[in-house]
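Working notes, structure below.
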Amino acid sequence: MSSLEDLTQQMLEFRDERQWAQFHNPKDVALSLTLEAAELLELMQWKSGPELLEHLKVNRELLADELADVLGWVLVLAHDQGIDLGMAVKEKLIKNAAKYPIEKARGVAKKYTEL
Ligand SMILES: [Mg+2]
């Protein structure tokens, strides 16, 4: 099972078995999330184009591990702060759709303020 709810429960079980909730204030959880995102970037540092794509193909497990680390912290932070992550993503997509109307944004890599 891998719904957001199931994954969150598994993260919380992992944490509770180790009595780590006491260390999980929102700032340190966000810090951990950012560090894991940096590890994701580190995997790609100094590579680009075809070399990067080949590197990621060869290191697929490392890529999956770092993505899982990032998502794990996102799930924990959302849980601890009482945020329904599924709903938050849906609501943010609606906000982004308003910021990036298809007729203005299709095929354009610009921030909404520049559209
Ligand atoms: Mg990691």
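The values are calculated or read from the model by the stated rules, or taken from the named source; none is laboratory data. Note that the structure is predicted; figures quoted are calculated from it, not measured. Cβ atoms come from the backbone with ideal geometry, glycine included; neighbour counts cover every protein chain shown. SASA here: full protein model, heavy atoms, side chains in, ligands and nucleic acids out. Shrake-Rupley method; radii C 1.70, N 1.55, O 1.52, S 1.80 Å.
Among the GluC sites (Glu not before Pro) in the range 64-106, none is located in a DSSP loop while being surrounded by at most 14 other Cβ atoms within 10 Å of its own Cβ. Once the 1.4 Å probe is applied to the protein heavy atoms, the chain comes out at 77 Å² accessible per residue. Counting only DSSP H runs of at least 4 residues, each contributing -39500 (n - 2.57), and dividing by the residue count of the chain, the helix-based mean residue ellipticity at 222 nm comes to -22500 deg cm²/dmol. For the chain, the spread of Cα positions along the three principal axes, ordered from largest to smallest, is 49, 36, 29 Å. Restricting the chymotrypsin sites (Phe, Trp or Tyr not before Pro) of the range 24-115 to loop positions (DSSP other than H, G, I, E, B) with no more than 13 neighbouring Cβ atoms within 10 Å leaves Trp46. Using a probe of 1.4 Å on the protein chains alone, the accessible area found for Asp16 is around 90 Å². Partners of Lys110 within straight-line reach, counting lysines whose Cα lies under 30 Å from its Cα and excluding those fewer than 8 residues away in the same chain: Lys47, Lys57, Lys90, Lys92, Lys95, Lys99. Once the trypsin sites (Lys or Arg not before Pro) in DSSP loops with at most 16 neighbouring Cβ atoms within 10 Å are cut out of the chain, the longest remaining piece is 48-105.
A straight chain from Lys90 to Glu17 at 0.36 nm per residue would run longer than the Cα-Cα distance by 23.1 nm.
What FRET efficiency comes out for Ala38 versus Tyr112 if R0 is 35 angstrom and r is the Cβ-Cβ distance? Round to the nearest 0.05. The value I calculate is 0.85. Taken about its Cα centre, the range 58-98 carries a charge dipole of roughly 300 debye when the Cβ of each Lys and Arg holds +1 and the Cβ of each Asp and Glu holds -1. Placing +1 on the Cβ of every Lys and Arg and -1 on the Cβ of every Asp and Glu, with nothing else charged, gives the chain a dipole about its Cα centre of roughly 820 debye.
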